[in-house]
Amino acid sequence: MLRTSFYKFHSDRGAKFVDFAGWEMPISFGSVIEEHKQVRERGGLFDVSHMGRFKLSGRHVRRLLERVLTRYITDMVEKTCRYSLVCNEQGGVMDDVILYKYTGHYMLVVNASNREKILAHLQKVAQDENMVVKIDDQTKSTAMVALQGPRVMEKIGEFSREVPMLKRYGFCEKNLLILKMTISRTGYTGEDGVEVIMGAAMADKALKLLVKESPDAQENVMASVGLAARDTLRLEAGMPLYGHELSETIDPLTAGLDFAVTLNKSELDRGVNFIGLQALQAIAAAGLKQKRVGLKFEGKRTPRQDMSVVKGDQKVGHVTSGCLSPTLGYPIAMAYVDVAESELGNKLSVALDNGKTIDGEVVALPFYKKP
């Protein structure tokens, strides 16, 4: 398995490692619930170096991105990021991504499990349509961390005035000794914070300079957090995860990601249609059959992925993600249900593997909003 630049940093802090998309990643550092609360109450550090990072440049780079991304990106200004999706011809989601616009090039951040697929897709589209584009996979030559939590910006403000002034989905470039870093105000937890991209060779040393851990647990806003807590945090924040809420058989409109789909892109960009546009236009015209919703439950029984959502003895959908919310204290889940059953307050149940059901109701997403 591949290891990130921070493997020893994690190991020294008692990480339990798992295989995640071919990378040996920390799943937890002890208690998942305590790590979750650490991020909600103070701040935490996540290693996200396993995510793919592609540098794109060349004469036709913008045209390639407009072809493969669902969102219009030509109007992006430098040093901003934009969330978007990559779709297949049927409108299914191949991946959800974040695009960074630099001076003279772009950076596309993709999910670890989809890195090779998206790289091949970009290369094929460029080749088939005779585009002059350079695609440099920098995943292994760079590292990436996320610092998330209500006190993170306060801590960062101790060594930078610029970073706390960044707008959401903005970024800046900073130099720490000989290391150049990209710091963006983005994240996947529902909290404020940043994500930092840096060169892999010096990343471990840079992290130790950036992260000043306090011996006082109540003052430590940079404690290490694993992938398990990252999942419960993003679920509370109502954020979709590829392989759960997103897949090549789920379209972004059904997923509730309309904001990341520019259905009139051809009008904005002189006839350029993104791959999957016609399929999504047809889905929009016909009306949605299912919607992504939030469900909350009483008790402690937790619904899991692929369990059926039922009303009476009729199946009306399926669960995509579920957990016992550490912040809210009750089970929550995201699910796809028939549009007719998607109204807030609607009473629905989930069928457990033992034949019993747990009762719940449809609630608004996200489940959690920062104070």
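The values are calculated or read from the model by the stated rules, or taken from the named source; none is laboratory data. The shown structure was predicted, so the numbers you read here are calculated from the model rather than taken from an experiment. Cβ: placed from backbone, ideal geometry, glycine included. Neighbour counts: every protein chain shown.
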Members of segment 100-120 that are more than 17 Å from Tyr242 (Cα to Cα) and outside any loop (DSSP other than H, G, I, E, B)
Tyr100, Lys101, Tyr106, Met107, Ala120
Number of the exception - Phe259 against (1) outside the structural domain of Gln38 (by TED's automatic domain parsing); (2) in a loop (DSSP other than H, G, I, E, B); (3) closer than 30 Å to Val163 by Cβ:
(2)
Among the residues in segment 298-308, are any under 26 Å from Thr249 (Cβ atoms), of a type outside the set (Phe, Trp, Tyr) and either assigned by TED's automatic domain parsing to the domain that holds Ala228 or in contact with a helix residue (DSSP H, G or I) (Cβ under 9 Å, 6 or more places away or on another chain) (or both)?
no
Among the numbered criteria (1) free of Cβ contacts under 8 Å to residues at least 40 places away in the same chain; (2) farther than 30 Å from Arg115 by Cα; (3) not in a loop (DSSP other than H, G, I, E, B), which single criterion is violated by Val310?
(1)
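Considering only segment 289-305, state which residues are more than 24 Å from the chain's Cα centre (by Cα) and either surrounded by 14 or more Cβ atoms within 10 Å (Cβ to Cβ) or closer than 15 Å to Leu257 by Cβ (or both).
Matches in segment 289-305: Phe297, Arg301.
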Matching residues, segment 319-343, being under 15 Å from Pro240 (Cα atoms) and touching a Phe, Trp or Tyr at 6+ places or on another chain (Cβ under 6 Å)
Ile332
Determine which member of the set Ala126, Ala112, Ala120 is modelled with pLDDT of 90 or more and touching a helix residue (DSSP H, G or I) at 6+ places or on another chain (Cβ under 6 Å).
Ala126
Being under 18 Å from the mean Cα position of the chain (by Cα) and surrounded by fewer than 24 Cβ atoms within 10 Å (Cβ to Cβ) is the filter here; which residues of segment 23-39 pass it?
Trp23, Ile27
So which strands (runs of 3 or more DSSP E) stay within segment 154-240 end to end and still have 2 or more residues that are surrounded by fewer than 17 Cβ atoms within 10 Å (Cβ to Cβ) and touching a residue at least 12 places away in the same chain (Cβ under 8 Å)?
171-176, 179-184
Considering only segment 18-72, how many residues are without any contact (Cβ under 8 Å) to a residue 24 or more places away in the chain, among the acidic types (Asp, Glu) and either closer than 29 Å to Lys370 by Cβ or outside the structural domain of Val225 (by TED's automatic domain parsing) (or both)?
1
